[in-house]
Amino acid sequence: MEKGLEKCLDEVSHSQGVSGVLCSDNQGLCLGVRGKASASSSGVISAVAEKAAMLEPGSPQPVVLLESDTSQCLIHRSNGVTLGVFKSPETT
């Protein structure tokens, strides 16, 4: 699994507009990080995914978008793994 996870993190981190990516387990343990994402935020990312899922129990896992003036963070949990993708706003 580690090599597959590492490959996935590398691919996502090299996507256009992505400044960082973080992967954690259900307990908030950081499984991997790339770019400007911080391993110390893995617990918060997992907690946000967990709390968002409580809004509509029985529904598919939601995608959470946190947005500020300078960045965005997309959070999604699937199969016991939570992914946080940090993006810079698109400039035109």
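Just a few scattered comments:
- Residue match in the range 48-69 (condition: at pLDDT 95 or above and touching a Gly at 6+ places or on another chain (Cβ under 7 Å)): no
- Qualifying positions in the range 11-50 - touching a Lys or Arg at 6+ places or on another chain (Cβ under 7 Å) and more than 18 Å from Gly80 (Cβ to Cβ): Ser13, Gly17, Val18, Ser19, Gly20
- Residue check for Gly84: buried (at least 16 other Cβ atoms within 10 Å of the Cβ) and under 20 Å from Leu5 (Cα atoms): yes
- Among the criteria (1) outside any strand (DSSP E or B); (2) touching a His at 6+ places or on another chain (Cβ under 9 Å); (3) of a type in the set (Gly, Ala, Ser), the one Gly84 does not fulfil is (1).
The values are calculated or read from the model by the stated rules, or taken from the named source; none is laboratory data. Treat the numbers as computed from the prediction; the structure is a model and nothing was measured. Virtual Cβ from ideal backbone geometry, glycine too; neighbours counted across all protein chains shown.
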